[in-house]
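The following block contains the structure, expressed as structure tokens.
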Amino acid sequence: MKNLFDLKGKIVLVTGASSGLGSDAAKAYAEYGAKVALLARRKEKLESIAEEIKQLGGESIPVQCDVTNEEMVKNAVEEIIKQYGKIDILLNNSGVAIKGGVHNLTEEDWNKSMNTNVKGIYLVSKYVIPYMKEQNYGKVVNIASVNAVIADKDDLFIRHSYNASKSAVIGLTKGMAASYGKHGITVNAVGPALFESEITKDTLFKSDEFLKEYSEKNPVERPAEKGELNGTLIYLSSDASSYVNGQFILVDGGVSIV
């Protein structure tokens, strides 16, 4: 019987691959047989992840890239195509979470959120989608957030630019899915809740009060554990989800329903 989750022969591009959910996903893709192009600004971190993937028996290439810079994105995608000849799967994972409400956010912080979380997806997709259209096949997975649909009222944790940008990711996902489905390309979004990452480990995970409150209101009574997003990503990136398009899947332990 065919293994619908097998990614052998597939080429995956992962943005924000230098740490956290991105590096975890990159390793998971490699474990399922894909070759992985690792994109992020920090080349040394990428090289370290590439070495880990090599030790796992996988193959990857590190490509330094700021996803908000169109010229760098264009060159990075061309480098991957030159190396592998195609891109089958795109995981748009780069993101920032800047604390603050509209009453105290600087314009610079607002723009940084929108540029990284929304413009970054637009730019990388802009240069990857044409190759997917040529081969009449592609799987695009955009990382949104549970904070696209819920928000924190506590002044210590409000992140209005994050809420807005991650909601925009859902809208962009639906638009792309509607336009590119006829080209054999599915586009879906994932909404993780609280995972430990570079963004959260020195902020939310250092607040015992926040963790206690979060765990009390989450049906599974805990934050996510390392690797718990990978199954959903592999599903949406594989033939197991061949008829799933334009969807937003929450990986949140149920916190969004209570």
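Anything in segment 99-136 that is more than 18 Å from LYS10 (Cβ to Cβ) and of a type in the set (S, T, N, Q)? List them, or say none.
Those that are more than 18 Å from LYS10 (Cβ to Cβ) and of a type in the set (S, T, N, Q): ASN104, THR106, ASN111, SER113, ASN115, THR116, ASN117.
So which residues in segment 17-43 are part of a helix (DSSP H, G or I) and crowded, with 19+ Cβ neighbours inside 10 Å?
Matches in segment 17-43: GLY20, LEU21, GLY22, SER23, ASP24, ALA25, ALA26, LYS27, ALA28, TYR29, ALA30.
Out of the residues in segment 113-133 meeting the condition of being more than 24 Å from ASN230 (Cβ to Cβ) and polar (S, T, N, Q), tell me which one is surrounded by the most Cβ atoms within 10 Å (Cβ to Cβ).
The qualifying residue surrounded by the most Cβ atoms within 10 Å (Cβ to Cβ) is SER113.
Here is a follow-up. Restricting to segment 157-176, and then to whatever is basic (Lys, Arg) and buried (at least 20 other Cβ atoms within 10 Å of the Cβ), can you tell me which residue is modelled with the highest pLDDT?
LYS166
How many residues are outside any loop (DSSP other than H, G, I, E, B), surrounded by fewer than 16 Cβ atoms within 10 Å (Cβ to Cβ) and either of a type in the set (Asp, Glu) or in contact with a strand residue (DSSP E or B) (Cβ under 7 Å, 6 or more places away or on another chain) (or both) when one looks only at segment 134-155?
1
Since THR68 meets every condition but one in (1) outside any loop (DSSP other than H, G, I, E, B); (2) closer than 18 Å to ASN92 by Cβ; (3) among the polar types (S, T, N, Q), which condition does it not meet?
Condition not satisfied by THR68: (1).
Follow-up question, since we're still on this one. Would you call GLU79 surrounded by fewer than 18 Cβ atoms within 10 Å (Cβ to Cβ), part of a helix (DSSP H, G or I) and either without any contact (Cβ under 8 Å) to a residue 12 or more places away in the chain or among the hydroxyl-bearing types (Ser, Thr, Tyr) (or both)?
no
Within segment 177-192, can one find any residue that is at pLDDT below 95 and at negative phi?
no
Which of the following residues is modelled with pLDDT of 95 or more, in a strand (DSSP E or B) and surrounded by 15 or more Cβ atoms within 10 Å (Cβ to Cβ): LEU46, LEU90?
Of the residues listed, the single one that is modelled with pLDDT of 95 or more, in a strand (DSSP E or B) and surrounded by 15 or more Cβ atoms within 10 Å (Cβ to Cβ) is LEU90.
The values are calculated or read from the model by the stated rules, or taken from the named source; none is laboratory data. Everything numeric here is computed off the predicted structure, so don't read it as measured data. Neighbour counts run over all protein chains shown; Cβ positions are idealised from the backbone, glycine included.
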